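A short worksheet on the structure shown next.
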Amino acid sequence: MRGGPSVLGIVLAGGEGKRLMPLTADRAKPAVTFGGTYRLVDFVLSNLVNGDILRNCVLTQYKSHSLDRHVTTTWRMSSLLGNYVTPVPAQQRLGPRWYLGSADAILQSLNLVHDEQPDYIAVFGADHVYRMDPRQMLQHHIESGAGVTVAGIRVPRGQASSFGVITPASDGTRIERFLEKPADPPGLPGDPGRVFASMGNYMFTAKVLVDALHRDAEDESSVHDMGGSIVPMLTERGVAQVYDFDDNHVPGETPHEHGYWRDVGTLDTYYDAHMDLISEQPQFSLHNRRWPVYTHPGQLPPARFVAGGIAGESIVSAGCLIRGQVTRSVLSPGVVVEEGAVVQGSVLHDNVRVGRGAVVRGAILDKNVDVPPGATIGVNPERDQQLYTVSRNGVIALGKGQAVS
């Protein structure tokens with residue numbers, strides 16, 4: 001921000017993503033394809049860059065090659081202006097060990113903070129689908145005088161065990177208590193069926209964060225995690241505030257898109273978020289030109305529909321060849337659907353091929369999966385359970401290049 005406060009963005013992208021297997025068998029979770037041409041990390045980086053936070057470090061660790069390559073080839077900022085998005089692998093600066101948690105990841109990367117000397121540090125997660133203007137959260141943080149501001153979103157109380165839960169004080173903004181993934185959290189005052197869930201986005205005053213990280217490192221009982229350690233510590237000190245995501249308004253959003261945020265940590269939530277994209281009035285639109293989601297789409301020809309091929313309520317990316325029938329599906333670049341083939345309610349990653357007369361229903365197929373002519377996926381549940389990964393809600397998932405019987 002020229003003439004404004006100096007802000008460094010730190011994107012936490014080092015998690016294993018075990019719950020999203022088999023899509024994370026060969027790549028980090030933030031590198032998983034989403035919406036046809038994007039990677040999950042593109043959503044947080046687009047929010048930061050659109051919001052004038054133009055110096056960003058992406059902390060990586062597990063299976064990071066695909067993620068590192070995507071960030072370095074896609075996110076090229078103006079070096080003339082000193083802006084950058086750079087992947088930062090685990091460097092073991094404090095000894096021969098991996099990151100112990102997200103707080104330890106930042107502790108081991110404090111050279112980035114010392115180099116930039118920012119006034120504020122935006123620490124954001126790398127694997128959520130949403131639009132957010134971080135400038136509004138930053139302004140709230142500055143005006144409150146807080147040491148940390150946590151972005152919160154209201155979710156049903158039954159989902160609380162998947163999130164950090166914020167209990168606001170009587171003033172509605174100071175955090176009175178922060179519980180990481182509690183089994184039985186208290187509901188909100190006046191709305192007992194809902195809780196304030198942490199979105200995994202934090203705005204810190206730089207000095208406060210650096211001090212908290214050093215204190216945490218000395219605590220042998222700590223789990224060295226942002227939500228499990230740092231935010232509770234600052235909550236006890238009375239310097240933690242909550243920022244209501246419902247107060248954030250992004251240019252170009254429609255009323256029914258407002259407040260959209262999805263944690264796509266499981267196959268079911270990943271699948272459901274794709275289905276949110278494809279209706280006539282999508283819950284999350286990829287067509288907002290005033291707050292675009294950036295990526296590198298590759299150099300491919302337009303999609304072609306030949307031999308009577310059709311697609312309805314779907315996203316069909318460049319390089320696709322459709323000879324069969326596609327409905328309520330998301331197709332990444334290079335997908336081929338042959339004559340007589342049917343694809344329904346599915347997510348097909350790059351270069352998937354669905355052979356003549358084959359049927360694919362309710363499935364996620366990772367890149368380079370070849371469905372032979374006449375084969376079926378999503379037709380015989382018992383057979384699918386034996387051959388493939390099937391989620392709790394019945395979504396069938398095949399990993400990269402997995403053979404289809």
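Taking every residue in region 214-226 that is part of a loop (DSSP other than H, G, I, E, B) and pairing it with any residue that is modelled with pLDDT under 90 and surrounded by 15 or more Cβ atoms within 10 Å (Cβ to Cβ), at least 6 positions away or on another chain, the pairs with Cβ-Cβ distances below 6 Å are Val223/Gly101; His224/Leu100; His224/Gly101; Asp225/Gly101. Against the list (1) outside any loop (DSSP other than H, G, I, E, B); (2) under 20 Å from the mean Cα position of the chain (by Cα); (3) of a type in the set (Ser, Thr, Tyr), the condition Ser229 fails is (2).
None of Gly265, Gly259, Gly298, Gly319 is more than 25 Å from Thr74 (Cβ to Cβ) and assigned to a loop (DSSP other than H, G, I, E, B) except Gly259. Scanning region 94-132 for residues that are aromatic (Phe, Trp, Tyr) and either surrounded by fewer than 16 Cβ atoms within 10 Å (Cβ to Cβ) or more than 26 Å from Thr33 (Cβ to Cβ) (or both) gives Trp98, Tyr120. Restricting attention to region 253-290 and to residues that are at pLDDT 95 or above, of a type in the set (D, E, K, R) and open to solvent by less than 40 Å² (accessible area, probe 1.4 Å), the residue that is farthest from Thr327 (Cα to Cα) turns out to be Asp268. The C-beta contact set for region 127-148 (first residue more than 19 Å from Ile10 (Cβ to Cβ) and free of Cβ contacts under 8 Å to residues at least 40 places away in the same chain, second residue surrounded by 17 or more Cβ atoms within 10 Å (Cβ to Cβ) and hydroxyl-bearing (Ser, Thr, Tyr), distance under 7 angstrom, 6+ apart or interchain) is empty. For region 306-314, the criterion of being open to solvent by less than 40 Å² (accessible area, probe 1.4 Å) and closer than 24 Å to Arg27 by Cα is met by none of the residues. In the set Val250, Val210, only one residue is closer than 30 Å to Asn288 by Cβ, open to solvent by less than 50 Å² (accessible area, probe 1.4 Å) and not hydroxyl-bearing (Ser, Thr, Tyr); that residue is Val250.
In region 101-108 there is at least one residue that is within 21 Å of Val49 (Cβ to Cβ) and modelled with pLDDT of 90 or more.
Residue by residue, here is whether (1) within 24 Å of Leu107 (Cβ to Cβ); (2) open to solvent by 20 Å² or more (accessible area, probe 1.4 Å); (3) part of a loop (DSSP other than H, G, I, E, B) holds:
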| residue | (1), (2), (3) |
| --- | --- |
| Arg27 | no, no, yes |
| Pro30 | yes, no, no |
| Phe43 | no, no, no |
| Ser46 | no, no, no |
| Val49 | no, yes, no |
| Asn56 | yes, no, no |
| Leu59 | yes, no, no |
| Arg69 | no, yes, no |
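Of all residues assigned to region 390-405, at least one qualifies as being surrounded by fewer than 17 Cβ atoms within 10 Å (Cβ to Cβ), hydroxyl-bearing (Ser, Thr, Tyr) and farther than 16 Å from Met21 by Cα.
For region 335-367, enumerate the residues that are within 23 Å of Leu300 (Cα to Cα), in a loop (DSSP other than H, G, I, E, B) and not aliphatic (A, V, I, L, M). Glu338, Glu339, Ser346, His349, Asp350, Asn351, Gly355, Asp366, Lys367, listed by residue number.
The values are calculated or read from the model by the stated rules, or taken from the named source; none is laboratory data. All values reported here derive from a predicted model rather than from experimental measurement. FYI the Cβ positions are ideal-geometry reconstructions off the backbone, even for glycines, and counts take in every protein chain you see. When the accessible area is computed, the model is the full protein with side chains, heavy atoms only, and any ligands, DNA or RNA have been set aside. Shrake-Rupley method; radii C 1.70, N 1.55, O 1.52, S 1.80 Å.
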